[in-house]
Amino acid sequence: MLQTPIRYKLPRGSSSLPKEVVEAEQKKRLVKATAAVVAAKGYASTSVADIIAAAGVSRATFYSFFSNKEECFLFGYRKLSNAHVGEAERVIKTDQPLPERLRSALSTYLRRIDADQELAVAFVAEVEGATVRCRRAVLRVQNRMLQILQSWLEEVYEAHPEVARSSPENLILVSSGLHGFVIRQVRSGKSFDAPQVDIILRFLFAALHLYTWAHQADQEIIEAGKVCNNPLKSC
């Protein structure tokens, strides 16, 4: 069991704060504590006792918000995934050129994952294998990411009618491949750097039949010396 509580204290005079402010802070502490314990022990080995000890809150406080460990974990996952996907969705709708919009959305998404390693391990790497409800929640997020990619592609097809359309199966394969790579990187404990973003972008362009953009990305990678010849190593 983790012995050191998560240090997220309410300000002095918290009793005079609105109830919703206090509750929001307590939930934040519980989510951070859940992520820390799950990252350290894995979901299956984490207990409610572990979470409340790490958060420094009472059992009564925990059960005033959540009925069990899974509900708390899912709450944290939904908060994090909504923030990640929402930011990527916002960026990809900007007025940049189409290739740059995908690059910016990808970079933004990966930076958000890099921002907190414990949150990433718990709510990116561990969530899919946690419970059936968690797997369903992950699938909903993946479908949302797929819709963002599809919307971007529709703009590409409108601007470039010569581009061959990707089948629904191809889009699922591309999205699933990116998801799997992100999980692998998080589990390795490594951050996503700029060279990796460029290499992922090249893969996405090529897989979506955007060969001209893939070639341009390839040339940029080669010129910058970002090519990795060993598939077992991160570039």
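Just give me the residues in the stretch 62-85 being farther than 16 Å from residue 37 by Cβ and not charged (D, E, K, R), in sequence order. Please lay out each step first, then the result.
Quick first cut of the stretch 62-85, residues farther than 16 Å from residue 37 by Cβ only: 63-65, 67, 78-79, 81-85.
Those that are farther than 16 Å from residue 37 by Cβ and not charged (D, E, K, R): 63, 64, 65, 67, 81, 82, 83, 84, 85.
Can you say whether residue 139 is without any contact (Cβ under 8 Å) to a residue 12 or more places away in the chain and closer than 17 Å to residue 85 by Cα, as far as the supplied structure shows?
When the stated conditions are applied, residue 139 passes them.
For residues that are more than 15 Å from the chain's Cα centre (by Cα) and not in a helix (DSSP H, G or I), tally how many sit in the stretch 146-204.
So the answer is 9.
Is there any pair with a first residue in the stretch 191-220 that is over 18 Å from residue 154 (Cα atoms) and a second that is surrounded by fewer than 19 Cβ atoms within 10 Å (Cβ to Cβ) and of a type in the set (Asp, Glu) whose Cβ atoms are under 9 Å apart and which are 6 or more apart or on different chains, and what are they?
Between residues of the stretch 191-220 that are over 18 Å from residue 154 (Cα atoms) and residues that are surrounded by fewer than 19 Cβ atoms within 10 Å (Cβ to Cβ) and of a type in the set (Asp, Glu), the close pairs are 191/114; 192/114; 198/220; 202/218; 202/220.
Would you check if there is a residue in the stretch 98-105 being of a type in the set (Lys, Arg), surrounded by fewer than 19 Cβ atoms within 10 Å (Cβ to Cβ) and under 23 Å from residue 203 (Cβ atoms)?
Taking the stretch 98-105 as the starting set, the residues that turn out to be of a type in the set (Lys, Arg) are 101, 103.
Now narrow it down to the ones that are surrounded by fewer than 19 Cβ atoms within 10 Å (Cβ to Cβ): 101.
Subset that is under 23 Å from residue 203 (Cβ atoms): 101.
Yes, there is a match, as at least one residue in the stretch 98-105 is of a type in the set (Lys, Arg), surrounded by fewer than 19 Cβ atoms within 10 Å (Cβ to Cβ) and under 23 Å from residue 203 (Cβ atoms).
Among the residues of the stretch 125-136, is there at least one that is of a type in the set (Ser, Thr, Tyr) and under 12 Å from the mean Cα position of the chain (by Cα)? Write out each step before concluding.
Going through the stretch 125-136, the residues of a type in the set (Ser, Thr, Tyr) turn out to be 131.
Restricting the remaining residues to those that are under 12 Å from the mean Cα position of the chain (by Cα) gives none.
No - not one qualifying residue is present in the stretch 125-136.
Considering only residues that are assigned to a loop (DSSP other than H, G, I, E, B) and touching a residue at least 60 places away in the same chain (Cβ under 8 Å), look in the stretch 16-43 and name the one that is surrounded by the most Cβ atoms within 10 Å (Cβ to Cβ).
Step one: filter the stretch 16-43 for residues assigned to a loop (DSSP other than H, G, I, E, B), giving 17-18, 42-43.
Those left that are additionally touching a residue at least 60 places away in the same chain (Cβ under 8 Å): 42-43.
Numbers: 42: 14, 43: 19.
Filtering first and then ranking leaves 43.
Looking at (1) assigned by TED's automatic domain parsing to the domain that holds residue 124; (2) modelled with pLDDT under 95, find the lone condition where residue 74 falls short.
(2)
From the set of residues in the stretch 209-235 that are among the charged types (D, E, K, R) and either on the phi > 0 side of the Ramachandran plot or modelled with pLDDT of 50 or more (or both), which is surrounded by the fewest Cβ atoms within 10 Å (Cβ to Cβ)? Give the derivation first.
Residues of the stretch 209-235 that are among the charged types (D, E, K, R), as a first pass: 218, 220, 223, 226, 233.
If we keep only those that are either on the phi > 0 side of the Ramachandran plot or modelled with pLDDT of 50 or more (or both) as well, we get 218, 220, 223, 226.
On the way: 218: 17, 220: 13, 223: 9, 226: 17.
Going through the qualifying residues, I end up with 223.
Tell me which residues, restricted to the stretch 84-105, are within 16 Å of residue 142 (Cβ to Cβ) and under 11 Å from the mean Cα position of the chain (by Cα).
Passing the criteria: 84, 85, 86, 88.
Given the criteria surrounded by 14 or more Cβ atoms within 10 Å (Cβ to Cβ) and under 18 Å from the mean Cα position of the chain (by Cα), does residue 120 qualify?
Numbers: surrounded by 14 or more Cβ atoms within 10 Å (Cβ to Cβ): yes; under 18 Å from the mean Cα position of the chain (by Cα): yes.
Criteria met by residue 120.
What pairs come out if I take residues in the stretch 148-173 that are not assigned by TED's automatic domain parsing to the domain that holds residue 209 and pair them with residues that are exposed (fewer than 10 other Cβ atoms within 10 Å of the Cβ) and in a loop (DSSP other than H, G, I, E, B) whose C-beta lies under 6 Å away, six or more apart or interchain?
Correct list of pairs: empty, since none qualify.
Kindly indicate the residue of the stretch 162-215 that is touching a Leu at 6+ places or on another chain (Cβ under 6 Å) and polar (S, T, N, Q) and also nearest to residue 105 (Cα to Cα) among those meeting that condition.
Top of the filtered list is 175.
The values are calculated or read from the model by the stated rules, or taken from the named source; none is laboratory data. This is a predicted model, so every value here is computed, not measured. Counting neighbours? That spans all protein chains shown, and the Cβs are built from the backbone with ideal geometry, glycine included.
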